[in-house]
1. Could you work out the pair-distance distribution P(r) of region 401-466 from its alpha-carbon pairs, with 5 angstrom bin width and percents rounded to whole numbers?
2. Grab the other residues whose beta carbon is less than 9 angstrom from that of ASP45, score K and R as +1, D and E as -1, and report the net.
3. Let me check I've understood the local charge: for ILE206, count other residues with C-beta under 14 angstrom from its C-beta, Lys and Arg +1, Asp and Glu -1. What total comes out?
4. For the chain, take every pair of Cα atoms, bin their distances at 20 Å starting from 0, and report each bin as a whole percent.
5. Ranked from highest to lowest mean number of other Cβ atoms within 10 Å per residue, what is the order of the peptides 142-151, 249-258, 342-351, 314-323?
6. For region 358-414 and region 172-245, write down the distance between their C-alpha centroids in whole Å.
7. Given the C-alpha atoms of region 146-250, compute the convex hull and give its volume per residue in Å³.
8. Calculate for the chain the 222 nm mean residue ellipticity that helices alone would give, adding -39,500 (n - 2.57) per DSSP H run of length 4 or more and normalising by residue count, nearest 500 deg cm²/dmol.
Amino acid sequence: MNKLLLILTLALSACGVSKDLQTPQAALPANFRNAVSTDTTSIADIPWKQFFTDAELQKLIDSAIVKNYDLQLAVKNIEASQLLVKQVKWNYVPEVGLNVTASSSRPSDNSLNGLSLANAGIKTKHIEDYSANLSLSWEADIWGKIHNQNKAAVAAYLQTAEARKAIQTNIVSSVAQGYYNLLMLDAQLQTAQSNVRLNDSTLNIIKLQYNAGQVTLLAVQQAQAQQQAAAALVPQFEQNIALQENALRILTGELPGAIERNKKLNDINFADNLPAGLPSALVSRRPDVKSSELALVVANANVGIQQAEMYPALRITAQGGVNSFKASNWFNIPASLFGVVSGSLITPLLDHKELKTNYEVAKINREKTVIEFRQTVLNAVGEVSDALVKIDKLKAEQDIAAQRVNTLQQATSNANQLFKNGMANYLEVITAQGNVLQSELELASVKTEHLKAVAELYRSLGGGWR
């Protein structure tokens, strides 16, 4: 008895075989590259409805959050994980079972039971046994195995919640970028249609000059080719608009169709200085980084579980109920009552090598999780820095492109006036019209890339799930 108490004392004193692993410190800069300020506030803390203020865009994002199938699957994963968390808590509770048995056997006359019956003078050849009892089995969590199972289940549940947040941040950003792309295509379609009308006017003037013998047929053909090049862009942009609308509708969980929009590309603007906050806040703000941190909790708990498997298991069992060799006396109480209590200490022997291997593999997996966590943090910092660089340089490029459009629009107007007055030839007019078309298309594209970069910065900082 004293030896058993000594074993239990040593076991209970060693129950903390698995220690909680602190979140590793990832290499983080003091500030993001190209950050406009060192302010600790971040646009990621702004709810998406306050960050994306366009009413039509808000409707699209609302629909995506409710109907997007990826998000619906993420919610189902959360529900399944919740059930597992509730289930693992029952591991602390003893297992209780109800057993009701009735048996009848005819032993051999030469068997021990048969000879015993004969020696006792019992003439019956059948042995009957009737039993009804409750059984209880409980394993003491002396090594923290059940505790670690519970920790792993809770961390896995929290991971599913972070996964849903990560999906939502991606969807919010994707819908916004798709919407901005749609506004760009609208602007480019309008530019192409306007240029077609401008080319039509020029072509009519050149035809009149050709009929008057002032220009050759070559002038008419070149003006026609310029007009046809601009006209070919119209169905191309119309096709791209329809495809982008379909893609957005599917992203929002709707059937393909048209999308209502009341604003133009130039109506969408963001502040020049968008605070990104400090890199150290990414660990708590970005769902994928937080999920990676929780994966480390799961990996550490698995190390504890595998380590506990190598140590002796203390199991206590109890059984009590009624038992009788005759059915008529089965529930004769208290004569038929019985009870058994036992304790066992089981330790693995032959499979110790396999359990040791599992433990070492779990430790390696934990080290891999630490590496993956640091890589996730590094990628997050890189994404934010990239978005900040894009916003800065695209804003400068947009300003230059706007100036170029203004210059070329003035040049086109001057060329048309000079051409009408006979002071410029048709080639100068065609060249000016072609240049202004390309510059206006490029301006719309650069403007859109700038808006997309803002949406990407919002996502990369962890914004969009609030």
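FYI, it's all coordinate maths here, none of it is from the lab. Everything numeric in this text was worked out from a predicted model, so none of it was measured. So basically every Cβ, Gly included, is an ideal-geometry build from the backbone, and we count neighbours across all protein chains shown.
1. Histogram of Cα-Cα distances, whole percents per bin: 3, 18, 17, 13, 11, 9, 8, 6, 5, 4, 3, 2, 0.
2. On the way: positive: ARG285, ARG466; negative: none.
With Lys, Arg at +1 and Asp, Glu at -1, the net is +2.
3. On the way: positive: LYS207, LYS420; negative: ASP200, GLU428.
So the environment of ILE206 carries a net charge of 0.
4. All Cα pairs considered, the percentages come to 17, 30, 23, 15, 9, 4, 1, 0.
5. With the highest mean Cβ count within 10 Å placed first, the list reads 142-151, 314-323, 249-258, 342-351.
6. Cα centroid to Cα centroid, the span is 33 Å.
7. On the way: hull volume 9.4 nm³, N = 105.
Roughly 89 Å³ of hull volume per residue.
8. Details: 11 runs with 291 residues, N = 466.
Calculated at 222 nm, the ellipticity per residue is -22500 deg cm²/dmol.
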